[in-house]
Amino acid sequence: MKIELHQIKVRDLVEGYINNDEEGVVGYHGKLDIRPPYQREFVYKPDQQVAVINTVLGKFPLNAIYWVKNSDGTFEILDGQQRTVSICNFIERDFSIVHDGHTRYFGNLSDEDQEKIMNYELMVYFCEGTEGEKTKWFEVINTAGEKLTHQELLNAVYRGPWIMDAKRYFSRSTAPVGHYARDYLSGSQNRQEYLETVLRWVSGDKIEGYMGKHQEDLSAKPLWEYFQKVIEWVRKTFPEYRREMKSVEWGELYNKFKDKKLNAKKLEAEIQELMQDEDVTKKSGIYPYVLTRDERFLNIRAFTDRQKREAYERQKGVCIKCKKRFDIEEMEADHIKPWHEGGKTVSENCQMLCKQDNRTKSGR
């Protein structure tokens, strides 16, 4: 990797600045791609953007920025996108700062302050190297500061037409995934977490294999269609919406049960009952439970230490199953009448078993 230091004035950086979904994000006389495929979406918070502008106005040094120099004389940002976009957006009057006790947009600043910003020199390293070298360097320089998410790093490794199209569906602020995500997905859209979730679902948790297989595909529409099918199935199977549905791994359930005949009314009746059950401590787990019957999804309320001690003393320390005596630390609490048969987590329904018998009974 060949690296050379250059000083780039802000006035040159913002010349030809464009930031839209159709034409991408470009600057530096139209020769700088500010958001290449391996870059995250813009994630700086307002106070972070303001801090960048105050640094420039104060003539303090910003951290170095890295550009990749392409063979045709164009560039792409390897590191420094967030700072670059903050500067350009301020000059484009997208946000304001408090300066000298007053709220100021760029156009409201004095001529002197405007010139300070426009003549500010950024430390920019021009980098030349192979694709592998650029990707490796990108990972190295992003180990400090606001780290990339795992999916953002994968986007860099598997850069190409497919990831560009996938981001159009799942990552950009105008991406159609937002219409569904507010109800059914947890995480952040512009940090690639929605994309990562859907990729995990469709690939059976083999995201890298899926991305590698489709890296050169021109369209990510099949992934988008898969996601739409998942949501359509969820809405049909569980038409009564609850906020607990937001954190459910719907894709995994869809993959297993999409071809099975399910009675939505019967499922809803059971869900209502379970939502009112005080022993069910993880309400979002109700949805996978009613399909899989795996009680681990529910986090059934455990017996308290007091209830365990009461049962232990009542049994005089003798295991109900093997009839041997144990110290209380060698025993575990168990429901006499199983929870799924209506047994509650109350003292009267508690019995103590030795660890071996309890785990044999529960199949652990």
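Six or more apart or on different chains, Cβ under 7 Å: which pairs go from a residue in the stretch 198-210 that's within 20 Å of PHE257 (Cβ to Cβ) to one that's exposed (fewer than 12 other Cβ atoms within 10 Å of the Cβ) and of a type outside the set (A, V, I, L, M)? Could you list them?
Close Cβ pairs (under 7 Å, with a partner that is exposed (fewer than 12 other Cβ atoms within 10 Å of the Cβ) and of a type outside the set (A, V, I, L, M)) amount to SER203/GLY209.
Quick one: is TYR312 in contact (Cβ under 8 Å) with a residue 12 or more places away in the chain, touching a strand residue (DSSP E or B) at 6+ places or on another chain (Cβ under 7 Å) and either surrounded by 13 or more Cβ atoms within 10 Å (Cβ to Cβ) or assigned to a helix (DSSP H, G or I) (or both)?
On the way: in contact (Cβ under 8 Å) with a residue 12 or more places away in the chain: yes; touching a strand residue (DSSP E or B) at 6+ places or on another chain (Cβ under 7 Å): yes; either surrounded by 13 or more Cβ atoms within 10 Å (Cβ to Cβ) or assigned to a helix (DSSP H, G or I) (or both): yes.
Spelling it out, TYR312 is indeed in contact (Cβ under 8 Å) with a residue 12 or more places away in the chain, touching a strand residue (DSSP E or B) at 6+ places or on another chain (Cβ under 7 Å) and either surrounded by 13 or more Cβ atoms within 10 Å (Cβ to Cβ) or assigned to a helix (DSSP H, G or I) (or both).
Okay, residues lined up against (1) part of a helix (DSSP H, G or I); (2) within 30 Å of GLU270 (Cα to Cα); (3) modelled with pLDDT under 90:
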| position | (1), (2), (3) |
| --- | --- |
| GLU146 | no, no, yes |
| ALA156 | yes, no, yes |
| TRP162 | yes, no, no |
| HIS179 | yes, yes, yes |
| LYS213 | yes, no, no |
| TRP224 | yes, no, no |
| TRP233 | yes, yes, no |
| LYS236 | yes, yes, no |
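So if I check each of PHE90, PHE95, which one is part of a helix (DSSP H, G or I) and either farther than 20 Å from GLN49 by Cα or of a type in the set (A, V, I, L, M, F, W, C) (or both)?
From the options PHE90, PHE95, the qualifying one is PHE90.
Could you go through the stretch 263-274 and let me know if any residue there is open to solvent by 50 Å² or more (accessible area, probe 1.4 Å) and in contact with a strand residue (DSSP E or B) (Cβ under 9 Å, 6 or more places away or on another chain).
No, the stretch 263-274 contains no residue that is open to solvent by 50 Å² or more (accessible area, probe 1.4 Å) and in contact with a strand residue (DSSP E or B) (Cβ under 9 Å, 6 or more places away or on another chain).
In the stretch 320-356, how many are open to solvent by 40 Å² or more (accessible area, probe 1.4 Å), at pLDDT 90 or above and not in a loop (DSSP other than H, G, I, E, B)?
6
I want to confirm something. Restricting to the stretch 180-197 and keeping residues that are over 8 Å from the mean Cα position of the chain (by Cα) and farther than 13 Å from ALA166 by Cα, which single residue is surrounded by the fewest Cβ atoms within 10 Å (Cβ to Cβ)?
ARG182
Checking PRO36 against (1) open to solvent by 30 Å² or more (accessible area, probe 1.4 Å); (2) assigned to a loop (DSSP other than H, G, I, E, B): exactly one of these is not met. Which one?
So PRO36 meets the others, but not (1).
Specify the residue that is farthest from HIS29 (Cα to Cα); the eligible residues are those in the stretch 55-87 that are in a strand (DSSP E or B) and open to solvent by 10 Å² or more (accessible area, probe 1.4 Å). Lay out the reasoning, then the answer.
We begin by selecting, within the stretch 55-87, every residue in a strand (DSSP E or B); these are 65-69, 75-79.
Those still in the list that are open to solvent by 10 Å² or more (accessible area, probe 1.4 Å) too: 66, 69, 75-76, 79.
Values: TYR66: 17, LYS69: 15, PHE75: 11, GLU76: 13, ASP79: 19 Å.
Looking at the filtered set, the residue picked out is ASP79.
Would you call GLU244 modelled with pLDDT under 95, assigned to a helix (DSSP H, G or I) and under 26 Å from GLU196 (Cβ atoms)?
Details: modelled with pLDDT under 95: yes; assigned to a helix (DSSP H, G or I): yes; under 26 Å from GLU196 (Cβ atoms): yes.
When the stated conditions are applied, GLU244 passes them.
Scan the stretch 271-292 residue by residue and report those that are charged (D, E, K, R) and either under 17 Å from GLU252 (Cα atoms) or part of a helix (DSSP H, G or I) (or both).
Looking only at the stretch 271-292, we keep the residues that are charged (D, E, K, R), and these are 273, 277-279, 282-283.
Passing the criteria: GLU273, LYS283.
Identify all residues within the stretch 5-33 that are in a loop (DSSP other than H, G, I, E, B) and either touching a Ser or Thr at 6+ places or on another chain (Cβ under 7 Å) or modelled with pLDDT under 85 (or both); write none if there are none.
In the first step, residues of the stretch 5-33 are kept if they are in a loop (DSSP other than H, G, I, E, B); the result is 14-17, 21-23, 28-31.
Result: ASP21, GLU22, GLU23, LYS31.
Looking at this structure, is GLU252 open to solvent by 40 Å² or more (accessible area, probe 1.4 Å) and of a type outside the set (Lys, Arg)? Outline the logic, then answer.
Details: open to solvent by 40 Å² or more (accessible area, probe 1.4 Å): yes; of a type outside the set (Lys, Arg): yes.
Taking the combined requirement at face value, the residue satisfies it.
Can you pull out the residues in the stretch 293-309 that are assigned to a loop (DSSP other than H, G, I, E, B), open to solvent by less than 80 Å² (accessible area, probe 1.4 Å) and among the basic types (Lys, Arg)?
ARG301
The values are calculated or read from the model by the stated rules, or taken from the named source; none is laboratory data. Nothing here was measured: the structure is a model prediction, and the numbers come from that model. A quick note on method: Cβ atoms are made from the backbone with ideal geometry, for glycine too, and the neighbour counts reach across all protein chains shown. Remember, those area values only see protein heavy atoms, side chains included, never the ligands or the DNA or RNA. Shrake-Rupley method; radii C 1.70, N 1.55, O 1.52, S 1.80 Å.
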